[in-house]
Amino acid sequence: VWIRPSVDFDSRPGREDMASHIYGSFELFYERGEVIVSIWGPGHSPQLFRHPVALKRDAWHHVAFATEVGVPFRLYVDGKKVVFDKLRAPIEDQTRDLHVGWCAGARFFFGAIDELMVWKRNLSDSELDVLSQAKSQTRP
């Protein structure tokens, strides 16, 4: 997903939701100087992956993640890869709606969101690198 914050996130309390299946498969958000991915497995017990990063106001940032059970979780922010522990449980199948720029509890994303993609397979590092460098006709 490409995001462009319209406010200084670090000066705001609470979290900025980019995309989520609340109480479902995943949540992707920014809170207190960290990009956070919450992966939900069976029984609704999330595994959190946190990475400290400053997301500049009015600048486009690319955020992506790739994971599967037994493989290290990979988070990419502006083309830089961070590797975490292995995912402990399978991602819960999800039939609920995908929320973009909003999450339950009225937590809204203040800014622009462009080109959110969800893949059914794990993308390679090189594929994610290409996506993080891509230019769009709608994104300056």
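The values are calculated or read from the model by the stated rules, or taken from the named source; none is laboratory data. Owing to the predicted nature of the structure, the values given are computational and were not obtained by experimental measurement. Methodologically, a virtual Cβ is constructed for each residue, glycine included, from the backbone with ideal geometry; neighbour enumeration extends over all protein chains shown. Calculation scope for accessible area: heavy atoms of the full protein, side chains included, ligands and nucleic acids excluded. Shrake-Rupley method; radii C 1.70, N 1.55, O 1.52, S 1.80 Å.
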(Q) Condition first: open to solvent by less than 50 Å² (accessible area, probe 1.4 Å), within 16 Å of Trp40 (Cα to Cα) and among the hydroxyl-bearing types (Ser, Thr, Tyr). Now tell me which residues in the range 57-98 satisfy that. (A) Thr67
(Q) Quick test for you: out of Ser132, Ser124, pick the one residue that is open to solvent by less than 60 Å² (accessible area, probe 1.4 Å), at pLDDT 85 or above and either of a type in the set (Gly, Ala, Ser) or in contact with a helix residue (DSSP H, G or I) (Cβ under 9 Å, 6 or more places away or on another chain) (or both). (A) Ser124
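Pick from Gly101, Gly105: which is closer than 28 Å to Ser6 by Cα, at pLDDT below 85 and surrounded by fewer than 14 Cβ atoms within 10 Å (Cβ to Cβ)? Write out each step before concluding.
Details: Gly101 fails: surrounded by fewer than 14 Cβ atoms within 10 Å (Cβ to Cβ).
Sole residue among the options that is closer than 28 Å to Ser6 by Cα, at pLDDT below 85 and surrounded by fewer than 14 Cβ atoms within 10 Å (Cβ to Cβ): Gly105.
Can you tell which of Phe73, Phe65 is under 11 Å from the mean Cα position of the chain (by Cα) and closer than 20 Å to Trp119 by Cα?
Values: Phe73 fails: under 11 Å from the mean Cα position of the chain (by Cα).
Step by step, each of Phe73, Phe65 is checked, and only Phe65 is under 11 Å from the mean Cα position of the chain (by Cα) and closer than 20 Å to Trp119 by Cα.
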(Q) For the range 27-56, which positions are more than 21 Å from Ala112 (Cβ to Cβ) and crowded, with 20+ Cβ neighbours inside 10 Å? (A) Ile39, Trp40, Phe49
